[in-house]
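All remarks here apply to the structure that follows.
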Amino acid sequence: MTDIINFIVKDLLGQASILIACIAMLGLILQKKSAGKVVEGTFKTLLGFLIMMAGINIIVATLTFLNDIFTHGFGMQGYITDVAAIAGLANRELGSEVALTLMVIFAVNILIARITPFKYIFLTGQALLWMATIGAVIGYKTGLTGLPLILTGGIFGGIMAVVMPALAQPVVRRITGSDDVALGHFCTLGYLVQAAVAKVVGKGSRSTEDLQLPDNFKFLQDTYFSMAVVMVPMYLIPALAAGPAYIAQFSGGTNYLMYAFMQAIQFVAGVFVLYSGVRLLLNELVPAFRGIAMRIVPDAKPALDCPVLFPYAPNAVIVGFLATTAGSLIGMVVFPMFGLAMILPGLLTNFFAGGTAGVFGNAMGGRRGAIIGGVVHGLFITFLPAILVPMLESYGFTGVTFSDSDVISSGLLLGHAFQNNWLFVGVFILFVTLLAWFVNGKSTKHHEEKVHESV
């Protein structure tokens with residue numbers, strides 16, 4: 001029985017590419033496609049996801065290097081947002097509980113989608129794992145064990161897996177122009193914060209994608225070239241600060257500035273690969289998913305990882321990344337003045353979450369929304385980990401904290417609920433409710449007007 005559970009959790013739910021390919025295969029079978037079409041659609045879905053992940057891995061490797069030289073070159077010390085480190089520590093003590101909590105989350109997600117109007121199936125496996133981890137850790141450290149621990153974290157996580165895509169969907173419709181896919185990424189609260197700021201400051205601001213340049217600079221309208229123009233100095237300046245002696249451990253004898261330059265170009269190559277994978281994945285998965293929508297969960301929508309939104313506003317991704325990084329640097333300096341922990345900027349989070357938030361900000365408030373909202377987003381995702389630190393330290397986790405805003409919020413809500421601090425829980429829920437109402441009110445009306453016009 002243990003082997004079967006481990007196979008399901010690690011080899012199916014734990015392997016996002018296999019999970020999504022199996023879901024595509026199930027959808028095609030339910031549509032009674034021919035065997036050849038089922039094999040072709042399943043393979044292309046798997047291929048698209050793996051190409052997307054290959055791009056992500058290239059980006060992660062180059063950003064990890066940038067993060068190292070950035071913190072070393074500028075002498076930064078503080079807490080790092082490293083969810084993998086916390087998950088590793090938690091799994092030593094709670095490996096089975098985390099795995100079973102993950103299974104309950106997925107089951108609850110499907111059940112809620114089946115019986116309620118919220119038809120979102122959350123398919124970002126690693127995000128579900130982080131949610132299972134925070135639920136298991138908080139519950140265990142406050143005295144829960146066994147089945148109550150697993151069910152508490154699983155039911156709460158399953159609700160979050162439906163609610164967060166639902167809160168983001170009106171803006172996602174505005175970004176994509178359709179209702180075919182949803183966002184399955186537990187940084188949604190931060191995206192809504194940026195969207196709210198963008199809605200306030202961005203009235204009349206043009207889109208980041210509508211750049212009008214003089215003829216001599218038209219070449220900068222190429223997405224990948226303009227990205228390189230931004231990223232090359234972003235790598236070279238920290239490389240100069242870190243110096244050749246430190247970078248020698250990475251460069252293998254290559255000149256340290258040339259190595260940093262090539263890392264910047266590899267970052268751009270990773271983005272190119274990522275976008276190619278996203279397009280192939282969506283072309284195959286969305287039609288296949290209709291089989292599940294028709295049979296198991298009527299009108300179901302796949303909630304996918306944040307890079308699926310990047311091709312819709314590639315300029316906004318870079319603007320969001322840079323603005324979020326600026327906001328996180330400001331927060332790193334300012335928040336310790338008020339007694340909070342110093343949170344070091346996590347450039348991986350700043351790129352993936354900040355880039356997605358930039359797309360949200362651009363959709364709601366154009367360039368000003370992407371820039372000003374991005375700075376606020378950076379402050380927000382620095383503030384949340386800082387206020388989680390005391391709780392995590394009381395549980396024995398030192399020097400690290402979570403990064404994803406929804407995971408942190410879940411930890412804070414569960415922790416304060418177990419401590420019977422219902423005032424905090426109530427205020428937080430009220431804040432999220434008002435934020436979602438403010439952001440989504442007009443965007444839903446906007447989508448309905450567009451549908452009416454097309455009819």
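The values are calculated or read from the model by the stated rules, or taken from the named source; none is laboratory data. Please read these numbers as outputs of a predicted model, since none were measured by experiment. Note that each Cβ is placed from the backbone with ideal geometry, even for glycine, and that neighbours are counted across all protein chains shown. Each accessible area value is taken on the protein alone, full model and side chains, heavy atoms only, with ligands, DNA and RNA left out. Shrake-Rupley method; radii C 1.70, N 1.55, O 1.52, S 1.80 Å.
Points to keep in mind about this one:
- Picking from residues in region 366-396 that are touching a Lys or Arg at 6+ places or on another chain (Cβ under 9 Å) and closer than 28 Å to S178 by Cα, the one that is surrounded by the most Cβ atoms within 10 Å (Cβ to Cβ) is G373.
- Some residue of region 270-282 being more than 30 Å from K33 (Cβ to Cβ), modelled with pLDDT of 90 or more and open to solvent by less than 10 Å² (accessible area, probe 1.4 Å): no
- Failed item, numbered, when F267 is tested on (1) open to solvent by 50 Å² or more (accessible area, probe 1.4 Å); (2) within 16 Å of A54 (Cβ to Cβ): (1)
- Annotation note: of P314, P298, the sole residue that is within 30 Å of I381 (Cα to Cα) and out of contact with any Leu (no Cβ under 7 Å at 6 or more places or on another chain) is P314.
- Subset of region 340-354 [open to solvent by 10 Å² or more (accessible area, probe 1.4 Å), over 15 Å from A316 (Cα atoms) and assigned to a helix (DSSP H, G or I)]: L348, T349
- Qualifying residue in region 331-339 (condition: open to solvent by 20 Å² or more (accessible area, probe 1.4 Å), in a loop (DSSP other than H, G, I, E, B) and over 30 Å from I110 (Cα atoms)): yes
- Exactly one residue among A303, A357, A326 is outside any helix (DSSP H, G or I) and either in contact with a helix residue (DSSP H, G or I) (Cβ under 7 Å, 6 or more places away or on another chain) or of a type outside the set (A, V, I, L, M) (or both), and that residue is A303.
- Per-region count, region 424-455, residues at pLDDT 80 or above and open to solvent by less than 70 Å² (accessible area, probe 1.4 Å): 8
- Considering region 408-423, and only residues there that are open to solvent by 60 Å² or more (accessible area, probe 1.4 Å) and either assigned to a helix (DSSP H, G or I) or under 17 Å from P390 (Cβ atoms) (or both), the residue that is modelled with the lowest pLDDT turns out to be Q419.
- Condition check for A363: modelled with pLDDT of 90 or more and open to solvent by 10 Å² or more (accessible area, probe 1.4 Å): yes
- Qualifying residue in region 369-390 (condition: touching a Cys at 6+ places or on another chain (Cβ under 8 Å) and aromatic (F, W, Y)): no
- Odd one out for G399, checked against (1) modelled with pLDDT of 85 or more; (2) more than 19 Å from the chain's Cα centre (by Cα): (1)
- Flag if A288 is touching a strand residue (DSSP E or B) at 6+ places or on another chain (Cβ under 6 Å) and open to solvent by less than 10 Å² (accessible area, probe 1.4 Å): no
- The residues listed here are L144, L129; of these, the one that is touching a Gly at 6+ places or on another chain (Cβ under 9 Å), at pLDDT below 90, under 30 Å from D299 (Cα atoms) and open to solvent by 30 Å² or more (accessible area, probe 1.4 Å) is L129.
- Being more than 28 Å from L384 (Cβ to Cβ), at pLDDT below 85 and among the hydrophobic types (A, V, I, L, M, F, W, C) holds for only one residue in I110, I18, and it is I18.
- Subset of region 32-47 that is over 28 Å from the mean Cα position of the chain (by Cα) and either surrounded by fewer than 18 Cβ atoms within 10 Å (Cβ to Cβ) or of a type in the set (A, V, I, L, M) (or both) - its residue that is nearest to R279 (Cα to Cα): E40
- Considering region 48-72, and only residues there that are farther than 30 Å from N283 by Cα and aromatic (F, W, Y), the residue that is most open to solvent (accessible area, probe 1.4 Å) turns out to be F70.
- Only listed residue being touching a residue at least 40 places away in the same chain (Cβ under 8 Å), among the aliphatic types (A, V, I, L, M) and in contact with a strand residue (DSSP E or B) (Cβ under 7 Å, 6 or more places away or on another chain), chosen from L388, L348, L344: L344
Quick grid of which residues meet (1) under 30 Å from A21 (Cα atoms); (2) among the aliphatic types (A, V, I, L, M):
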{"site": "M234", "(1), (2)": "no, yes"}
{"site": "Q249", "(1), (2)": "no, no"}
{"site": "A260", "(1), (2)": "no, yes"}
{"site": "Q266", "(1), (2)": "yes, no"}
{"site": "G270", "(1), (2)": "yes, no"}
{"site": "V273", "(1), (2)": "yes, yes"}
{"site": "G277", "(1), (2)": "yes, no"}
{"site": "E284", "(1), (2)": "yes, no"}
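- The one condition in (1) in a helix (DSSP H, G or I); (2) hydroxyl-bearing (S, T, Y); (3) more than 26 Å from L26 (Cβ to Cβ) that T254 fails to fulfil: (1)
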